[in-house]
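Peer 1: This is the structure I have questions about; it appears just below.
The values are calculated or read from the model by the stated rules, or taken from the named source; none is laboratory data. If you're wondering where the values come from, they're calculated on a predicted model, not measured in any experiment. Here the Cβ positions follow ideal geometry from the backbone for every residue, glycine too, while neighbour counts run over all protein chains shown. When the accessible area is computed, the model is the full protein with side chains, heavy atoms only, and any ligands, DNA or RNA have been set aside. Shrake-Rupley method; radii C 1.70, N 1.55, O 1.52, S 1.80 Å.
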Amino acid sequence: MPVWLIKLNAYFPIRYSVLLLTTAGCLLSALAWVTSGHGSLATLVFAGMVVTGVHDVVQTRRAILRNYPVIGHLRFLFEFIRPEIRQYFIESDNEAEPFSRQQRSLVYQRAKGEPDKRPFGTQLDVLKQGYEWINHSLAPTSVTSHDFRVTIGAERAQPYSASVFNISGMSFGALSPNAILALNAGARRGGFAHDTGEGSISRYHREHGGDLIWQIASGYFGCRHADGSFSEARFAEQARDPQVKMIELKLSQGAKPGHGGVLPAPKVTAEIAAARGVEMGRDCVSPAGHSAFATPTEMLRFIERLRELSGDKPVGIKLCIGHPWEWFAIAKAMLATGIAPDFIVVDGAEGGTGAAPVEFCDHMGSPLQDGLQMVHNTLVGLNLRHRVKIGCAGKVVSAFDIARMLALGADWCNSARGFMFALGCLQAQTCHTGECPTGVATQDPLRQRALVVPDKAERVFRFHQNTLHALKELVQAAGLHHPCELTASHIVRRMSDHQVKLLANLLPVVQPGVLLAAERGEAAWPYELYRLYWPMARADSFAPAP
């Protein structure tokens, strides 16, 4: 900085120069207005800037504005538009925060029915550590249909034949009425399931008649007494509706496991209150834990009761894996009672949410791969895997994502944000503000009008169909006939620039019945995880044994 500027700054801080210039501009434009009749607009603009600058100097909330009046506002402007600038101009196609442009574009193309082929080859670095691929066959098969199905609750009076790709739980209240209408209409046309989320079944879920998985969480919305406790009568009334195909008891959510939630009173509209069975204008609370049961055994008895009340429909649980002994306690309770859920949906910590504390999003709960492996291996080791189907959710948007999860032990996959992209979501990450720019995650009547239901329902349908068609092509290329035939031996992972390994050789694999044999002392524990934590688990408590 020149010496004269340094000397000037000692007497009059240069950072105030914008305020000084706007003051001079205001005076000059006002003089021109008085003398010539022109300059009224400039005078008003400069006067506004002067008033802003004076306010900046005297206010006490923001230090940067006190030191840099007027011009300091640019800092907040740039901070406000930074996500959009980064998303549109700076980030590469493969940067995932949380979904990359390449992932989003794939969903948009398939939802719109546009070509999803890529010219000139892959953009991925195939020599980079962590790169994965499916080994292909020199004898590819021909699969007649991409409508891959899995039967859930085969032992029940009303089993459900589910698609291998379904809509994950998103509540009415988190999503707009038009978003719910479009999702359910698309699910109805495509013959796949729509999970209600914990906000229960609204009239928008019912309008098009698409298959529903009714999620019941700790708030027991749609099946509760006035005090928030579980109501058998209200549950039975809704669960016996033919549109409800399965009941999902939510224990925890990947993005915020162990954390309850509150929908503030101003957001509890008449429609939300009616769907959830709560009082309008009062905070709608989801406790962190359930009140209908306190132990693994009680939970399984509760599941059995839900089956009876629903007319013997499939009932399962959804959870993000936390303490290993708690999951093992559930498994031990299955052995002790002979009761097993019809399905378990494993939610990964990378899963989405409308709003969650940063620490929970970033550092709480097991990622999907680890949780899925633990659940699958435990059920295999206890000879229970044939009784319990496994679903999973956590950043699943492409056919390869589905194939990989099925290879690791899942029977089907759910996706929430993938179907939000199909609705037009552009990852603005303003879900918690009510100001969603595309009308997906808002209750603002004017904003949600932007989401035209018939058009977006068609996009939901096409995204599902085109993704499963891509899955069919992968299955054929691998020489298989159904994605359920995929195993960890089909997926290869690059470890370094000169070494690759099958996932089957990298990830833990438990043989059928080995945990039962180890507990009887007839075999060694397959992994340290089971040796350490299995003895700590007990069927009568989620707490570890002393």
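Peer 1: Is at least one residue of the range 67-79 under 19 Å from THR430 (Cβ atoms) and among the basic types (Lys, Arg)?
Peer 2: No, there is no match, as no residue in the range 67-79 is under 19 Å from THR430 (Cβ atoms) and among the basic types (Lys, Arg).
Peer 1: Here is a follow-up. Which of the residues belonging to the range 392-407 are surrounded by fewer than 24 Cβ atoms within 10 Å (Cβ to Cβ) and over 18 Å from VAL107 (Cβ atoms)?
Peer 2: Across the range 392-407, the qualifying residue is only ALA407.
Peer 1: Return the total of residues in the range 504-524 being β-branched (Val, Ile, Thr) and either in a loop (DSSP other than H, G, I, E, B) or modelled with pLDDT under 95 (or both).
Peer 2: 2
Peer 1: Checking the conditions here, which among GLU458, GLU522, GLU473 is open to solvent by less than 60 Å² (accessible area, probe 1.4 Å), out of contact with any strand residue (DSSP E or B) (no Cβ under 7 Å at 6 or more places or on another chain) and acidic (Asp, Glu)?
Peer 2: GLU458
Peer 1: Sticking with this one: Can you run down the residue pairs with Cβ atoms below 9 Å, 6 or more apart or on separate chains, where the first is in the range 35-48 and free of Cβ contacts under 8 Å to residues at least 12 places away in the same chain and the partner is open to solvent by 80 Å² or more (accessible area, probe 1.4 Å)?
Peer 2: GLY39/LEU28; GLY39/LEU31; GLY39/TRP33; SER40/TRP33
Peer 1: Would the range 316-331 turn up any residue that is without any contact (Cβ under 8 Å) to a residue 24 or more places away in the chain and either open to solvent by 40 Å² or more (accessible area, probe 1.4 Å) or over 23 Å from PRO544 (Cα atoms) (or both)?
Peer 2: no
Peer 1: Okay, moving on. If you take the residues of the range 133-154 that are part of a strand (DSSP E or B) and open to solvent by less than 50 Å² (accessible area, probe 1.4 Å), which of them is farthest from HIS482 (Cα to Cα)?
Peer 2: Among those residues, the one meeting the criterion is ILE152.
Peer 1: Moving on to the next point. Filter the range 525-546 down to residues that are open to solvent by 40 Å² or more (accessible area, probe 1.4 Å), assigned to a loop (DSSP other than H, G, I, E, B) and aliphatic (A, V, I, L, M), then give me how many there are.
Peer 2: Residues that pass the stated criteria total 1.
Peer 1: What is the residue count in the range 381-404 for residues that are among the hydrophobic types (A, V, I, L, M, F, W, C) and not in a helix (DSSP H, G or I)?
Peer 2: 8
One line per residue, one yes/no per condition, for (1) hydrophobic (A, V, I, L, M, F, W, C); (2) within 27 Å of the chain's Cα centre (by Cα); (3) under 30 Å from ALA537 (Cβ atoms):
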{"residue": "VAL278", "(1), (2), (3)": "yes, yes, no"}
{"residue": "CYS284", "(1), (2), (3)": "yes, yes, no"}
{"residue": "LEU309", "(1), (2), (3)": "yes, no, yes"}
{"residue": "LYS313", "(1), (2), (3)": "no, yes, yes"}
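Peer 1: For the range 476-488, which positions are in contact (Cβ under 8 Å) with a residue 40 or more places away in the chain and either open to solvent by 40 Å² or more (accessible area, probe 1.4 Å) or within 13 Å of PHE165 (Cβ to Cβ) (or both)?
Peer 2: Passing the criteria: ALA477, HIS481, HIS482, PRO483, CYS484, THR487.
Peer 1: Could you tell me which numbered condition ILE71 fails, if it satisfies all but one of (1) part of a helix (DSSP H, G or I); (2) of a type in the set (Val, Ile, Thr); (3) in contact (Cβ under 8 Å) with a residue 40 or more places away in the chain?
Peer 2: Single failed check for ILE71: (1).
Peer 1: Further question on the same structure: Out of curiosity, is ARG282 over 27 Å from ARG156 (Cβ atoms), among the basic types (Lys, Arg) and without any contact (Cβ under 8 Å) to a residue 40 or more places away in the chain?
Peer 2: yes
Peer 1: Would it be correct to say that GLY197 is within 21 Å of CYS425 (Cβ to Cβ), open to solvent by less than 20 Å² (accessible area, probe 1.4 Å) and out of contact with any Asp or Glu (no Cβ under 8 Å at 6 or more places or on another chain)?
Peer 2: Against the criterion (within 21 Å of CYS425 (Cβ to Cβ), open to solvent by less than 20 Å² (accessible area, probe 1.4 Å) and out of contact with any Asp or Glu (no Cβ under 8 Å at 6 or more places or on another chain)), GLY197 qualifies.
Peer 1: Something else about it: Being surrounded by 13 or more Cβ atoms within 10 Å (Cβ to Cβ) and more than 18 Å from LEU21 (Cβ to Cβ) is the filter here; which residues of the range 38-65 pass it?
Peer 2: Of everything in the range 38-65, those that are surrounded by 13 or more Cβ atoms within 10 Å (Cβ to Cβ) and more than 18 Å from LEU21 (Cβ to Cβ) turn out to be ARG62, ILE64.
Peer 1: Here's something else I'd like to know. Hey, does the range 248-260 have a residue that's more than 25 Å from ALA355 (Cα to Cα) and in contact (Cβ under 8 Å) with a residue 24 or more places away in the chain?
Peer 2: no
Peer 1: Go through the range 214-226 and give me each residue that's within 21 Å of the chain's Cα centre (by Cα) and open to solvent by less than 10 Å² (accessible area, probe 1.4 Å).
Peer 2: Matches in the range 214-226: TRP214, GLN215, ILE216, ALA217, GLY219, TYR220, PHE221.
Peer 1: Tell me which residues, restricted to the range 130-171, are aromatic (Phe, Trp, Tyr) and under 23 Å from LYS395 (Cβ atoms).
Peer 2: If the condition is that a residue be aromatic (Phe, Trp, Tyr) and under 23 Å from LYS395 (Cβ atoms), then TYR131, TRP133, PHE148, PHE165 are the ones that fit.
Peer 1: Which is part of a helix (DSSP H, G or I) and modelled with pLDDT of 90 or more, of LEU20, LEU5, LEU65?
Peer 2: Just one listed residue meets the conditions, LEU65.
Conditions tested, residue by residue: (1) under 26 Å from the mean Cα position of the chain (by Cα); (2) not in a strand (DSSP E or B).
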position: THR438; (1), (2): yes, yes
position: THR442; (1), (2): yes, yes
position: ALA457; (1), (2): yes, yes
position: PHE461; (1), (2): yes, yes
position: HIS464; (1), (2): yes, yes
position: GLU473; (1), (2): no, yes
position: MET495; (1), (2): no, no
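Peer 1: I've got another one for you. Please work out which residue is farthest from ASP241 (Cα to Cα), limiting yourself to the range 155-167 and to residues that are in contact (Cβ under 8 Å) with a residue 24 or more places away in the chain, open to solvent by 10 Å² or more (accessible area, probe 1.4 Å) and not aliphatic (A, V, I, L, M).
Peer 2: That would be GLU155.
Peer 1: Pick from the range 19-31 the residues that are open to solvent by less than 40 Å² (accessible area, probe 1.4 Å) and hydrophobic (A, V, I, L, M, F, W, C): which of them is farthest from VAL54 (Cα to Cα)?
Peer 2: ALA30
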